[in-house]
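Asker: Just dropping this structure here.
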Amino acid sequence: MLYRIIVRPLLFLFEPESVHNFVVFMLKIGLFFPGMRNLLKFCYGNSEKILERDLFGIKFRNPVGLAAGFDKNARHYNDLSSFGFSFIEIGTVTPLAQPGNPKPRSFRLPRDKALVNRMGINNQGAEKIARNLRKYNPKIVIGGNIGKNTLTPNNNAIDDYVKCFNVLHEVVDYFVVNVSCPNIGNIKELQDTDTLVEILSVLQGLSANKRVPKPVLLKISPDLNYQQLDELIEIAKKTGIAGFVATNTTVLRDNLKTSARRLRDIGKGGLSGLPLRARSTEVIRYLVEKSEGKIPVIGVGGIMSARDAIEKLNAGASLVQLYTGFIYEGPSLVKKINKELIRNKH
């Protein structure tokens, strides 16, 4: 309540990317004070046994994680874990550091409880991010979301995914292959069946030859049709990947309350938040039903309340991730979801 009435209105007075940097900086400063980390864990954490999930050979303390994009460079995961998340997906990570798209590149749509971003996969590069993971010694499950550099031609994209995989393998618990980001030119071409099979097969082969294999998942777009989803299910079966993350942001702008003029001013970018909720759940349900529950799905997209999270889990998701809901509803959302799961013995 305090967050929605006082904190959020103040933060929303300023540009989103600047606010993000300010908040994570202040969080790090605050946690230097003795007892603050334990206080946050007391307020937001939950250690009930019923919340635990075993998936991909990994134990999750609860089914709620933080989606890729919030901690791009793996600098804040231990701090963010104080809010009750059981896993955090870092990245998207590319082999070489890149600045992303020109600013401004992140926008709020308050009337729709949504965000539009065209960040362009800005990150410090795989080697630096791997060092960050070693330096801060994760006390939480870490997913590594990997992609290609913007300047890498699609015919060489597989080399970028391989580099990221090899550099991050020892410091993450699972991988997510991102070929569905709407903010990188021509990346959607990597969703072509033959190309995708090659990328996933190579990564699966690399993982199998490691001393400790790591699960490989595929993050998919909400804008795919049913035929394309059917193809992804067949690709998953053929390559043996561990599961899907559904879904990424959307390029669509259907049925928004935000004015057409404001949307034109914002321009291109991936839309996340409440408008994505129904489509994301629909994709999750379709993937689970068509695969007969044999391909696990991490559900993400438009989770703004405990009810939204349970909707994803009831649709067949094994775990859920937050991003926009965490920004609009605040850190208490994680605890609300877990409390509702306990209440419903979910």
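The values are calculated or read from the model by the stated rules, or taken from the named source; none is laboratory data. Since the model is a prediction, treat every value here as computed from it, not as a measurement. No Cβ is skipped: glycine too gets one built from the backbone with ideal geometry, and neighbour counts run over all protein chains shown.
Asker: Has the range 227-247 got at least one residue that is surrounded by 15 or more Cβ atoms within 10 Å (Cβ to Cβ) and under 26 Å from K103 (Cα atoms)?
Answerer: Checked against the condition, which is being surrounded by 15 or more Cβ atoms within 10 Å (Cβ to Cβ) and under 26 Å from K103 (Cα atoms), the range 227-247 yields at least one hit.
Asker: Only one of (1) under 30 Å from K103 (Cα atoms); (2) in contact with a strand residue (DSSP E or B) (Cβ under 9 Å, 6 or more places away or on another chain) fails for V288. Which number is that?
Answerer: The one condition V288 does not meet is (1).
Asker: Determine whether the range 13-21 contains at least one residue that is out of contact with any Phe, Trp or Tyr (no Cβ under 7 Å at 6 or more places or on another chain), of a type in the set (D, E, K, R) and either over 22 Å from S305 (Cα atoms) or in contact (Cβ under 8 Å) with a residue 12 or more places away in the chain (or both).
Answerer: There is at least one residue in the range 13-21 that is out of contact with any Phe, Trp or Tyr (no Cβ under 7 Å at 6 or more places or on another chain), of a type in the set (D, E, K, R) and either over 22 Å from S305 (Cα atoms) or in contact (Cβ under 8 Å) with a residue 12 or more places away in the chain (or both).
Asker: Report, by residue number, each residue of the range 281-299 that is assigned to a helix (DSSP H, G or I), surrounded by fewer than 21 Cβ atoms within 10 Å (Cβ to Cβ) and out of contact with any helix residue (DSSP H, G or I) (no Cβ under 8 Å at 6 or more places or on another chain).
Answerer: Correct list: E282, R285, E289.
Asker: Return the residue satisfying two criteria in turn: it lies in the range 25-69 and is in contact (Cβ under 8 Å) with a residue 24 or more places away in the chain and at positive phi, and of such residues it is surrounded by the most Cβ atoms within 10 Å (Cβ to Cβ).
Answerer: G69
Yes/no matrix, rows are residues, columns are (1) more than 27 Å from I327 (Cβ to Cβ); (2) touching a His at 6+ places or on another chain (Cβ under 6 Å); (3) touching a residue at least 40 places away in the same chain (Cβ under 8 Å):
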{"residue": "N132", "(1), (2), (3)": "no, no, yes"}
{"residue": "K135", "(1), (2), (3)": "no, no, no"}
{"residue": "G147", "(1), (2), (3)": "no, no, yes"}
{"residue": "I158", "(1), (2), (3)": "yes, no, yes"}
{"residue": "K163", "(1), (2), (3)": "yes, no, yes"}
{"residue": "L196", "(1), (2), (3)": "yes, no, no"}
{"residue": "I199", "(1), (2), (3)": "yes, no, yes"}
{"residue": "Q204", "(1), (2), (3)": "yes, no, no"}
{"residue": "L217", "(1), (2), (3)": "no, no, yes"}
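Asker: Oh, and also: All but one of (1) assigned to a helix (DSSP H, G or I); (2) among the β-branched types (V, I, T); (3) buried (at least 21 other Cβ atoms within 10 Å of the Cβ) hold for I121; which doesn't?
Answerer: Failing condition for I121: (1).
Asker: Another question about this same structure. What's the total number of residues in the range 221-246 that are under 18 Å from L274 (Cα atoms) and touching a strand residue (DSSP E or B) at 6+ places or on another chain (Cβ under 6 Å)?
Answerer: The number of residues fulfilling the criteria is 4.
Asker: Using beta carbons and a limit of 6 Å, which pairs, at least six apart or on different chains, have the first residue in the range 321-346 and in contact (Cβ under 8 Å) with a residue 40 or more places away in the chain and polar (S, T, N, Q) and the second one surrounded by 15 or more Cβ atoms within 10 Å (Cβ to Cβ) and assigned to a helix (DSSP H, G or I)?
Answerer: Listed pairs, sorted by first residue: N338/L51.
Asker: Return yes when A278 is closer than 21 Å to G325 by Cβ, free of Cβ contacts under 8 Å to residues at least 60 places away in the same chain, surrounded by fewer than 17 Cβ atoms within 10 Å (Cβ to Cβ) and aliphatic (A, V, I, L, M) and no when it is not.
Answerer: yes
Asker: Here's another thing I want to ask about it. Name every residue in the range 248-257 that is among the β-branched types (V, I, T) and surrounded by 19 or more Cβ atoms within 10 Å (Cβ to Cβ), in order of residue number.
Answerer: The answer is T249, T250.
Here is a yes/no grid of residues against (1) crowded, with 21+ Cβ neighbours inside 10 Å; (2) of a type outside the set (S, T, Y); (3) modelled with pLDDT under 95; (4) closer than 28 Å to L31 by Cα:
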site	(1), (2), (3), (4)
T92	yes, no, no, yes
P95	yes, yes, no, no
F107	yes, yes, no, no
A114	yes, yes, no, no
G125	no, yes, no, yes
Y136	no, no, yes, yes
